[in-house]
Every structure is written in C-alpha cells, then in structure tokens.
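Coordinate-derived values only; no laboratory data. Computed from a predicted model, the values in this text were never measured in an experiment. We place every Cβ from the backbone using ideal geometry, glycine too, and count neighbours over all the protein chains shown.
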Amino acid sequence: EAGVTQFPSHSVIEKGQTVTLRCDPISGHDNLYWYRRVMGKEIKFLLHFVKESKQDESGMPNNRFLAERTGGTYSTLKVQPAELEDSGVYFCASSIRDTQYFGPGTRLTVL
Amino acid sequence: AQKVTQAQTEISVVEKEDVTLDCVYETRDTTYYLFWYKQPPSGELVFLIRRNSFDEQNEISGRYSWNFQKSTSSFNFTITASQVVDSAVYFCALKQGSNYKLTFGKGTLLTVNP
C-alpha cells in the first residue's frame, strides 16, 4: 500500500511569488492534515480536512495560505504571496482515526 | 492547553549502548493519546507507537520499549543495544481525545556512532 506522498520535495522561490504544495493521502483515509516545521521549532498543526471539508483550520498562520481538497482525495496548500518567514518543511498526514501517517514533507525556501 | 517537552535536544551514543529518550506532556484532558515518531535522514516521519491514556502498560517491540507513567506525565522511549540505523530525530506527540491535531515536542536528535 502506498504511503502519503508529497510534491515537490523541495521548492525554492523568491519573496512575493506563489507556491502550491500537493499531498496525496493513503487511499481510503478520509482525514488529511497539514503541519509545518519552521527551522528549530516544533512541528505545528495547520489544518485538518475530513473528506473535502475543512474541520479545523485554527493553525493556518494568515490569509496568504489557502488549502483545498477537492473531491476529498488529494490536497493542495497554496502560499500567495510567499514571505521569508514561510520557509520551512511542510508535512502532510492522513488517517482513518487516531494514528496519523506522514509524508516525506516539502522543504520550502523563500529567498 | 497542551504541551510536550523533550528536554534532550541531542544525544550521542556508541553502538550497542542503551539509550532513553525522555518525553513529558501536559494536558487537562482525561482522554488523550501519545505517539512517538522517527524522522530518519530521508525526512519522512515514521510512526512508531500510539498509547492511549487508559492503557499504562509498558510496551516492547524488539529493541524498542516504551514506559508510560501518568503519575509523572511521562512517556519515555528506550532503545536497547542501539545501532547506527537508529540515528534519527525522534518526536513525541500528544493528541487530545476530543480532536485530531497533534502537539509535538521539539524532537531529540539521536546519533549512534559505530
């Protein structure tokens, strides 16, 4: 069974540009999550989807971040416009219930 | 509010030594879950174990063992006879019973030297 996949693995953009990260969850997992780890800090929760609905987006830092999960399958996280402080590793996870399985992350560098 | 503290930022051991990674948590919930994840150099977070708040039995899986003590709010992880392949960042995480978000500690970087 394929695990959680994320694309791209790395992205380097300039401040002010737009970046879209993609996450494909494990097949059959209705719950999908985004987390972020900024350098030297904890991994922090961003938001949670149940199928295509946003269940909890309390961790989204501001309105420059937009997450979608059309059709309840894969999800995208768009950052527009990117700022320097958005640099970090963005993890996606999926679950059926309590145990979340993580992808390899996307390392975003904003210059 | 909930919080996870991993006081050990980095640990370095020599192969075959035993090593314990500490995790202390804070939560007001009576129902919660604790997790350990391993992040090898390749970057992905690998699930190792889940424990719920009503199950204080210690768990052993091969060279790995976990000691859950509610009295001290700790969920420590021991690797017996460490190997070079155990080198990774290890994260402890907490989930309240009422929602899905994980609260992570800052992680402990374990280096096992040959």
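With Cα atoms as the point set, chain B shows a radius of gyration and Dmax of 13.7, 44 Å.
Mean per-residue shielding of peptide B:95-107 is 5, counting Cβ atoms of other chains within 10 Å of each Cβ.
Exposed loop sites, defined as trypsin sites (Lys or Arg not before Pro) outside DSSP H, G, I, E and B with at most 14 other Cβ atoms within 10 Å, are absent from the longest region of chain A, namely A:65-96. Shape summary of segment A:39-89, radius of gyration then Dmax from alpha carbon positions: 11.8, 35 Å.
Of chain A, which part is the longest with no GluC sites (Glu not before Pro) in a loop (DSSP not H, G, I, E, B) and with at most 15 other C-beta atoms within 10 angstrom?
Answer - A:15-51.
In a DSSP loop and with at most 14 other Cβ atoms within 10 Å, the trypsin sites (Lys or Arg not before Pro) in segment B:19-57 are B:28.
In the elastic network of chain A, a GNM with C-alpha springs shorter than 10 Å, the most mobile of A:59, A:71, A:88 is A:71. For the protein assembly as shown, lysine pairs with C-alpha atoms less than 20 angstrom apart, excluding pairs fewer than eight positions apart on the same chain, total 29. Close amide-amide hydrogen proximity is noted between residue A:31 and A:51, A:95, each under 5 Å apart and 5 or more residues distant or on a separate chain (H modeled in the peptide plane; Pro and chain starts excluded). About its Cα centre, the dipole of chain B is roughly 380 debye, where the only charges are +1 on Lys and Arg Cβ and -1 on Asp and Glu Cβ. So for the protein assembly as shown, taking the charge dipole from beta-carbon charges (+1 Lys/Arg, -1 Asp/Glu), which of B:9, B:110, A:67 sits furthest toward the positive end? Farthest towards the positive pole: A:67. Counting other Cβ atoms within 10 Å as a rough exposure proxy, the listed residues A:96, A:26 run A:96, A:26 from fewest neighbours to most. Put a plus charge on the Cβ of each Lys and Arg, a minus charge on the Cβ of each Asp and Glu, and nothing anywhere else: the dipole of the protein assembly as shown about its Cα centre is then about 400 debye. Radius of gyration over Kirkwood radius for the protein assembly as shown, both on Cα atoms: the Rg/Rh ratio is 0.97. So if I take the centroid of the Cα atoms in segment B:1-18 and the same for segment B:20-95, what is the distance between those two points in Å? Centre-to-centre distance over Cα atoms comes out at 10 Å.
Averaging the inverse of every distinct alpha carbon separation and then flipping it gives the Kirkwood radius. What is it for chain A, in angstrom units? Computed over Cα pairs of chain A, the Kirkwood hydrodynamic radius comes out at 13.8 Å. Per-residue shielding of A:3-11, expressed as the average number of other chain Cβ atoms within 10 Å of the residue Cβ, stands at 1. Loop only by DSSP, 15 or fewer other Cβ within 10 Å of the Cβ. Give me the trypsin sites (Lys or Arg not before Pro) in segment B:52-114 that pass, ordered by residue number. Passing both the DSSP loop test and the Cβ count: B:63. Remark: segment B:35-41, residue by residue, has Karplus-estimated 3J(HN,Hα) of 9, 10, 10, 10, 10, x, x Hz, where x stands for each Gly or Pro and the curve is 6.51 cos²θ - 1.76 cosθ + 1.60 at θ = phi - 60°. Across peptide A:38-44, the average count of Cβ atoms from other chains found within 10 Å of a residue's Cβ is 4.
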